[in-house]
Amino acid sequence: MVYGGTLEKNFGRDTVRWLAESLAHEGFCVHRFDFRTNLPGAEYSSFGMMDKINDLFSVYGSLHARASKDPRANIFLLGTSMGGYIATILASYLPGRQSGVILIAPAAYHPDVLTYSVRFGSSFREIIRRPGSWEQSNAFEATRKISRSLLISYEDDDVIPPGVIEKYRQSLGTAVSSDELTRKHYVCLPGRHQGSFADPERMSLITQETLQFVSGFVDVSVYR
């Protein structure tokens with residue numbers, strides 16, 4: 001699980017616990033982690049997008065090494081908001097290494113954020129506030145390499161522009177794969193972007209959609 005941009009500490013362990021526990025109850029082994037940006041004592045503005053991407057690469061590498069020892073293992077990336085963008089970048093560098101990618105209201109950023117000199121402060125804000133900067137995002141090209149995807153958006157999203165979601169839909173729809181299990185699904189849930197992970201009803205819907213998507217490739221019951 002790859003969460004989005006937030007200043008809260010221990011966000012991965014605390015805020016998305018409800019969703020993680022719901023998926024675990026259904027037979028998933030869920031791995032949550034905190035980016036170094038959100039560890040106690042960390043100064044968020046001392047880090048940038050590249051630090052978050054490197055954190056995910058490290059965590060994913062460890063999980064993949066363990067999963068490769070079990071022929072039944074399947075790895076699904078689930079990214080929300082900024083985490084959705086980060087997940088697509090990893091998936092593009094490691095095509096075919098995931099059983100599927102689940103993007104929940106994913107953000108998109110101009111490629112200029114992908115440099116160590118751009119940190120989460122004035123330089124980052126300057127880039128993302130450029131009119132239409134997201135339209136040039138490398139995320140959309142990255143998603144073309146994803147053959148199995150679930151895209152979830154919110155009807156009244158006050159964070160992610162509707163154009164971003166539509167662009168993701170278009171890019172995921174053009175993904176090419178010879179895999180007969182290629183599958184792409186899109187669903188729009190009611191409500192706003194903010195407060196998503198504090199709403200049990202919303203989490204229940206996300207859990208149901210995730211299970212339906214994953215069940216197209218994996219018999220979850222064998223893990224219970």
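Readers should treat all values here as calculations from the given coordinates under stated rules, not as data from a laboratory. Everything numeric in this text was worked out from a predicted model, so none of it was measured. Counting neighbours? That spans all protein chains shown, and the Cβs are built from the backbone with ideal geometry, glycine included.
Observations, loosely collected:
- Taking other Cβ atoms within 10 Å as a rough exposure proxy, Thr210, Thr143 sort from fewest to most as Thr210, Thr143.
- Placing unit charges on each Cβ (+1 for Lys and Arg, -1 for Asp and Glu) gives segment 11-217 a dipole about its Cα centre, and among Ile102, Ser153, Thr115 the Cα reaching farthest toward its positive end belongs to Thr115.
- Given Lys69/Lys167; Lys52/Lys184; Lys69/Lys184, the pairs whose alpha carbons are separated by over 31 Å: Lys69/Lys167
- The distance from the alpha carbon centre of segment 123-169 to that of segment 83-117 is 10 Å, rounded to a whole number.
- Peptides 202-209, 84-91, 65-72, 111-118 ranked from most to least packed give 84-91, 202-209, 111-118, 65-72, packing being the mean of other C-beta atoms within 10 angstrom over each peptide's residues.
- Footprinting exposure proxy for Phe35, Phe28 (fewest neighbouring C-beta atoms within 10 Å first): Phe28, Phe35
- In a simple Cβ point-charge model (Lys, Arg +1; Asp, Glu -1; nothing else charged), the chain has a dipole of about 520 debye relative to its Cα centre.
- Cα-based reach from Lys9 at 14 Å (exclusive), listing aspartates and glutamates while leaving out same-chain residues under 8 positions away: Asp34, Glu43
- Taking N as the residue count of the chain, its C-alpha radius of gyration divided by 2.2 N^0.38 Å amounts to 0.97.
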